Amino acid sequence: MRMVDIIAKKRDGHALTTQEIEFFVQGYTKGTIPDYQASAFLMAIYFQNMNEQERADLTMAMVNSGETIDLSAIAGIKVDKHSTGGVGDTTTLVLAPLVAALDIPVAKMSGRGLGHTGGTLDKFETIPGFKIEMSTKDFINQVNQHKVAVIGQSGDLAPADKKLYALRDVTATVNSIPLIASSIMSKKIAAGADAIVLDVKTGAGAFMKTDAQAEELAHAMVKIGNNVGRRTMAIISDMSQPLGFAIGNALEVKEAIETLKGQGPADLHELVLTLGSQMVVLAGKTDSLAEARHQLEAVMKNGQAIAKFKQLISDQGGDSAVIDHPERLPEAQYKIELPAKTSGFISSMIADEIGIAAMQLGAGRATKDDKVDFAVGIVLHKKVGDAIKVGQSLLTIHSNRADIEAIKQKIYNSITIADTAKPQQLIHTVITH
Ligand code: URA
Ligand code: CA
């Protein structure tokens, strides 16, 4: 087989065989296929697309390019959740203990990454003492014993994806549905997922800016999952405004604690119940989404969900007293209110602009060597559709610097107050095939 022939075949719009796709992925991972051929090939895919079979083959070739995590020592169906990322997205912190409280195993591998706040790992690490490093053996033991564990992503999962993603970044080929879908799915499958729930975000703060794009990506991933034997479902959820009230690491941990107690913000509460119900169904506990939701609501009400979070924290060396005393979490030096300049209704809060403001306060990383300040961030008091009076606080800025005029201005510019406004719809679509 010659790479030049495979490039020509895709350039001319033909479908590739499983062997041709494997040849490319293996050769590129090993370094026998150079960047210039891989670049041309990615651009051919960008223009010519891939059919369902090719997408499944590309995904599995990337899974098999490196280490895969074997979770077969954990009894039951291991369901993973993936979010395409947004601002103030606290769902993993809530979902992991919530679903585990129903005795469903949650073996969660999470990352850090760049962004408005830290990743899920950073958020867990704001809990004093919480360790995210452990051997695969200890990870599996903890899930078997207490149903939930959280570990840092191994660097050796889907190395082909890592290399290809870096190349796509500099060859203008990131934005391709078959390439994005196979990239995301390969990492979930390599991490040992038997079934996958996808939260595809749409709107200003999301990777996919429109519902049409988000739906296309969601369908592509659901098809890949189901074609490679992993039951997969997706929802499209709103990311035009931040999720919940809190944006920032320790602030989001507090929000997660409140949500597990059934006292979280309405949108976050609804999102975790929607995603959680799908996880419960995929885990085979019931085939009714309504029954799944009912069970999740019950463990929020009877205290089992928050007890499971407490257990997870102490299992991983953390200070579980934060559950009852969230003031033990890192706290910022300054709390600065942002008063509304007019009365009316909030008609927009542009998620990515508010996210960047949180990052500028120090809550996230602009480059991978940046240090995250766990304490800082933003707590909204109002969401789109809410009424506000002049002088009333829109939000509180938690900062370790007093001089934040530019950030305040940026946040003001991202919020619009109008004479009328409707609440933003949270769940746009549910996709099961
Ligand atoms: N996230 C991924 O993991 N891969 C992509 O290709 C795009 C977003
Ligand atoms: Ca939040």
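The values are calculated or read from the model by the stated rules, or taken from the named source; none is laboratory data. What you see is a predicted model, and the numbers here were worked out from it, not measured in a lab. Counting neighbours? That spans all protein chains shown, and the Cβs are built from the backbone with ideal geometry, glycine included. Ligands, DNA and RNA are excluded from the accessible area calculation, which covers all protein heavy atoms including side chains. Shrake-Rupley method; radii C 1.70, N 1.55, O 1.52, S 1.80 Å.
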| field | Hey, residue 202 more than 11 Å from ligand 1 (Cβ to nearest atom), without any contact (Cβ under 8 Å) to a residue 12 or more places away in the chain and polar (S, T, N, Q) or not | value | no
| said: Quick check on the stretch 97-155: of everything there that is among the β-branched types (Val, Ile, Thr) and assigned to a loop (DSSP other than H, G, I, E, B), which residue is modelled with the lowest pLDDT? | reply: 117
| task | Taking only the stretch 87-123 into account, find how many residues are under 14 Å from the mean Cα position of the chain (by Cα), more than 12 Å from ligand 2 (Cβ to nearest atom) and of a type outside the set (Lys, Arg). | result | 13
| request: Check every one of the strands (runs of 3 or more DSSP E) wholly within the stretch 325-433 and list those with 1 or more residues that are modelled with pLDDT of 95 or more and more than 27 Å from the chain's Cα centre (by Cα). | output: 334-339, 344-349, 393-399, 415-418
| request: Output the number of residues of the stretch 61-88 satisfying the condition of being under 17 Å from residue 196 (Cβ atoms) and within 16 Å of ligand 1 (Cβ to nearest atom). | output: 8
| query | Residues in the stretch 28-57 that are over 19 Å from residue 172 (Cα atoms) and either crowded, with 18+ Cβ neighbours inside 10 Å or at pLDDT below 95 (or both): how many? | reply | 6
| Where residues in the stretch 156-199 are among the polar types (S, T, N, Q) and part of a helix (DSSP H, G or I), which of them is nearest to ligand 1 (Cβ to nearest atom)? | 183
| query | Among the residues of the stretch 261-269, is any in a loop (DSSP other than H, G, I, E, B), touching a strand residue (DSSP E or B) at 6+ places or on another chain (Cβ under 7 Å) and either at pLDDT 95 or above or within 16 Å of ligand 1 (Cβ to nearest atom) (or both)? | reply | no
| task | Considering (1) open to solvent by less than 30 Å² (accessible area, probe 1.4 Å); (2) at pLDDT 95 or above; (3) more than 16 Å from ligand 2 (Cβ to nearest atom), say which one residue 194 fails and leave the rest. | result | (1)
